[in-house]
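To keep things clear, I will list the structure first and then write my remarks on it.
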4 protein chains.
Amino acid sequence: MNEQWTVGDKTLTSRLFVGTGKFSDHQVMKKAILSSNAEVVTVALRRVNLNEEDPYILNDIPGHVQLMPNTSGARNAEEAIRIARLAKASGLGNWIKIEVIPDQKYLLPDNYETIKATKALVQEGFEVFPYMNPDLLAGKALQDAGAAAVMPLGAPIGSNRGIRLKEMIQIMIDELEVPIIVDAGIGRPSDAAEAMEMGADAVLVNTAIATAKNPVQMAQAFHEAVVAGRRGYVAGIGPTSQMANASSPLTGFLHSSN
Amino acid sequence: MNEQWTVGDKTLTSRLFVGTGKFSDHQVMKKAILSSNAEVVTVALRRVNLNEEDPYILNDIPGHVQLMPNTSGARNAEEAIRIARLAKASGLGNWIKIEVIPDQKYLLPDNYETIKATKALVQEGFEVFPYMNPDLLAGKALQDAGAAAVMPLGAPIGSNRGIRLKEMIQIMIDELEVPIIVDAGIGRPSDAAEAMEMGADAVLVNTAIATAKNPVQMAQAFHEAVVAGRRGYVAGIGPTSQMANASSPLTGFLHSSN
Amino acid sequence: MNEQWTVGDKTLTSRLFVGTGKFSDHQVMKKAILSSNAEVVTVALRRVNLNEEDPYILNDIPGHVQLMPNTSGARNAEEAIRIARLAKASGLGNWIKIEVIPDQKYLLPDNYETIKATKALVQEGFEVFPYMNPDLLAGKALQDAGAAAVMPLGAPIGSNRGIRLKEMIQIMIDELEVPIIVDAGIGRPSDAAEAMEMGADAVLVNTAIATAKNPVQMAQAFHEAVVAGRRGYVAGIGPTSQMANASSPLTGFLHSSN
Amino acid sequence: MNEQWTVGDKTLTSRLFVGTGKFSDHQVMKKAILSSNAEVVTVALRRVNLNEEDPYILNDIPGHVQLMPNTSGARNAEEAIRIARLAKASGLGNWIKIEVIPDQKYLLPDNYETIKATKALVQEGFEVFPYMNPDLLAGKALQDAGAAAVMPLGAPIGSNRGIRLKEMIQIMIDELEVPIIVDAGIGRPSDAAEAMEMGADAVLVNTAIATAKNPVQMAQAFHEAVVAGRRGYVAGIGPTSQMANASSPLTGFLHSSN
């Protein structure tokens, strides 16, 4: 599917963004990114830190992808803003995924602080991708603040529970003009396809790929599922009905010639 | 994905079977079959009838596919058996999909008559594919009777409602050895992916393709979704959890260096 | 709610049937039956057996309830018929719940053998209550055989998973004339209320009561939930809508007087 | 069930709050309030307005109930605060339900403005009940601001769609200390029972009662469902399992004596 779409200052073909956490090692991560066909990859700024004993992660992220550093570790707008600036100063570019997460059990975002950080960082020229609790009005505020996209969660990060908050995400898709990227909770390729069928612009997947038995193959499955779901959406999904509708002529076959 | 599987007397690559009812015209049907990559196509025997004013449908089914004529119109085992024999006598081969449907509102199959017809037709050398109400014990009976596969319905034919009877279909997948082909109710590509992730061997789709705004594109979307779901199943889907699991290191980023 | 209904040869007020398995002791069972307000109680014939070391269970079932012995342990129609006759010969009356369960993992019924047993026992004058896999055509066959009611399962026995096979049970409720009693899987009071709202005539609950922390209180909760669900059904549940409908006048309050 | 609970400055027995919109006439509303056993009733301040041609609604709200005027019509915090003050000045007491709803299609609340209004009105001595989009962090902010309870929506107002945002409401119930009152979307008695089984402290129902065929009877059904769900919660709902658990001894009945 060669349909292109635009988000931030980029024109993309892929609608699958991938995260880099939780992989068993960097080589698996690298191969999974490649088999996912992703053009955007998120990475926690902290993991880019040169002081860490960890091998330098950026060496293992394919060079053609757009980096989207995230502010994980930030507990309020101010911390998110500082991390974003550090990312840019480190040469990671002007895309930033805002994660403001004061809660350590469910890892849920603080929409209000996220809106504050978004406003500030848009002013500073960033392309801002806020991770958020699904909420039409918060989505409007982020849109008005100039976010490049909004990233509502389907279920808690890493839970693999699917798009449990579908009711509100569907409303956001129907009502907002900014691109919607469903993030967190997507556990199976069918969840990703479903998000696309709902009309989402893209999905971000991390845990479901990184913790699969075969992450490289799973990354490809997610790629295919996103393409399938998007193509189904474009092809026009038919209505559902309570009763049956015959696919084949059902009555009187043996009897009609009598 | 080049993984092969065997059903009846055939080895297949595709896990998407398609139906030929409800298409606006034969050219659309033909193109949709091609874009679906299907290797098995079902057609109601009646529609093959030379006496009909309808152009001869078989001319528009690509020659490389395995035909699976179905007994739609049969209301009991005896009628299904007669239609199956007519199909074979008409040169349509030895695959037969049993549909015994006395109910005209929900088009639900009669499992008992279906088992009877399956027993008889297996004896006559057919590869028998029974459409059935999901039921572990009826599935065992069909397996014992020598069915080539069993085809439980996800929801009423043509309803596009998805795999609503998942609870029982999952049990059948887990407990039976005969291939399981989920038939009826599959309305969106994500439904097809989900069936594959559950461990089904294949799906049959008709209404969702034929009544899409763009049937040819939708057929391709279903193809991709089936491949994605199967690949996800093989790659090993991770467990779900009630709480969150951090994808990225979440605490103390800005604070750890103090 | 004093609405009465008729099933078999009885007129009842309660729509909650209870099972007697799994209780920690007979006194808890007895109190739970009383607090459930049930008028029909099922008991496995085997547990009535005088040879068991267990105290005689019938002493602890309140005398005013209708006993419905069940054929648990039967693996085919013949065994179910023998158990039914033993029950009647033991003075347990002419109500019999048919359970034909060859599968020991999911405890799923064999509809075909169940239909056979039902036909035979109706002929012998029993009021027959068949436990069954949800299936419209099997339900029609049981209705035609003279069953007093049909008892489709919502989910496997003892799983507490709720009415997972709702799609088919709703069709049975809509299409059959024989009373529908949802049996197995009902795990919470809200599940029981939901069955009644769907239009079911009654529910049978066992595990969810017997294995609650406080079975006596849980039995009362189920009683209340069944009454609530039935009353809601009779009161006429309103339609659902995709969008909002204001409960209160929403616009222009402060502005209208300008 | 005589268990009492405390919310704001009141000790209540009932856990069902009812709304007064959409009733066909005041007499039906009055009877429905009585049959609901509600002790708290919400009313839009505008409908209390003496200038309206409508008969004075307060005459038809039973005198023993706690009034909870709401700020419907407010589009931001400032308007909500003004309406709250008007309500108090009109002698309607110090309970106020905050509704800040800028969106007229889905009637979704603005959490941020709601938090602002809550802070201000708590300072002024109100017992504040904010209607909100389900969100753990916004719930914490409202709790910290001194809200008497928080009222997350299950689905859009008046949609009767049930508790579609269950995932987030369950997290709020598990993590917050302030009482949780599920508001909006509850369409059937079983939905209300389910909210209570999840551990919610109360529910608010309006449309589902007011638009039932028989609102007075439906109000009673909701009362019973709330009692049932709460009792089930207190009685300790058992775990669910994937497989079956026999309620009755299942094997070897006829065979064990051989």
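Assorted remarks:
- Residues that are under 24 Å from B:P179 (Cβ atoms) and buried (at least 21 other Cβ atoms within 10 Å of the Cβ), drawn from the range B:1-31: B:V7, B:R15, B:L16, B:F17, B:V18, B:G19, B:T20, B:G21
- Residue satisfying condition, being without any contact (Cβ under 8 Å) to a residue 40 or more places away in the chain and either in contact with a Pro (Cβ under 9 Å, 6 or more places away or on another chain) or of a type in the set (A, V, I, L, M, F, W, C) (or both), within set C:I157, C:I169, C:I209: C:I169
- Filtered residues of the range A:171-185 (kept if more than 22 Å from A:T6 (Cβ to Cβ) and either modelled with pLDDT of 95 or more or away from chain B (no Cβ under 14 Å) (or both)): A:I171
Yes or no, residue by residue, for (1) over 15 Å from B:A193 (Cα atoms); (2) surrounded by 24 or more Cβ atoms within 10 Å (Cβ to Cβ); (3) under 19 Å from the mean Cα position of the chain (by Cα); (4) at the interface with another protein chain (Cβ under 7 Å from one of its Cβ atoms):
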| position | (1), (2), (3), (4) |
| --- | --- |
| A:L204 | yes, yes, yes, no |
| A:T207 | yes, yes, yes, yes |
| A:M218 | no, yes, yes, yes |
| A:H223 | no, yes, yes, no |
| A:A228 | no, yes, yes, yes |
| A:R231 | no, yes, yes, yes |
| A:G238 | yes, no, no, yes |
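- Filter pass, B:I181 being touching a residue at least 24 places away in the same chain (Cβ under 8 Å), touching a Gly at 6+ places or on another chain (Cβ under 8 Å) and closer than 24 Å to B:T13 by Cα: no
- Where strands (runs of 3 or more DSSP E) fall wholly inside the range D:105-218, the ranges with 3 or more residues that are farther than 30 Å from C:R230 by Cα are D:127-132.
- Checklist (1) within 14 Å of chain B (Cβ to nearest Cβ); (2) in contact with a Leu (Cβ under 6 Å, 6 or more places away or on another chain); (3) of a type in the set (S, T, N, Q) applied to A:Q143, failing item: (1)
- Conditions (1) farther than 20 Å from D:I171 by Cβ; (2) of a type outside the set (A, V, I, L, M, F, W, C); (3) at pLDDT below 95: number failed by A:K97: (3)
- Taking the range C:116-135 as the range and being surrounded by fewer than 23 Cβ atoms within 10 Å (Cβ to Cβ) and hydrophobic (A, V, I, L, M, F, W, C) as the test, the residues that pass are C:A120, C:V122.
- Any hit, the range B:121-134, residues being more than 14 Å from chain A (Cβ to nearest Cβ), in contact with a strand residue (DSSP E or B) (Cβ under 9 Å, 6 or more places away or on another chain) and more than 23 Å from B:T11 (Cβ to Cβ): yes
- Filter pass, B:T42 being touching a residue at least 60 places away in the same chain (Cβ under 8 Å), surrounded by 16 or more Cβ atoms within 10 Å (Cβ to Cβ) and touching a Pro at 6+ places or on another chain (Cβ under 9 Å): yes
- Within the range A:105-120, restricting attention to residues that are aliphatic (A, V, I, L, M) and away from chain B (no Cβ under 13 Å), the residue that is nearest to A:V178 (Cα to Cα) is A:I115.
- Residue match in the range D:196-219 (condition: within 28 Å of A:I186 (Cα to Cα), of a type in the set (D, E) and modelled with pLDDT of 95 or more): yes
- Exactly one residue out of A:N70, A:N76 is touching a residue at least 24 places away in the same chain (Cβ under 8 Å), touching an Asp or Glu at 6+ places or on another chain (Cβ under 6 Å) and facing chain B (nearest Cβ under 10 Å), and it is A:N70.
- Within the range A:137-170, tally of residues that are among the polar types (S, T, N, Q) and closer than 10 Å to A:G187 by Cβ: 2
- In the range C:83-104, the residues that are surrounded by fewer than 23 Cβ atoms within 10 Å (Cβ to Cβ), within 12 Å of chain D (Cβ to nearest Cβ) and not in a loop (DSSP other than H, G, I, E, B): C:R85, C:L86
- Scope the range A:70-82; condition modelled with pLDDT of 95 or more, in contact with a Ser or Thr (Cβ under 8 Å, 6 or more places away or on another chain) and crowded, with 24+ Cβ neighbours inside 10 Å; matching residues: A:N70, A:A80
The values are calculated or read from the model by the stated rules, or taken from the named source; none is laboratory data. What you see is a predicted model, and the numbers here were worked out from it, not measured in a lab. Here Cβ is always computed from backbone atoms with ideal geometry, including for glycine, and neighbour counts include all displayed protein chains.
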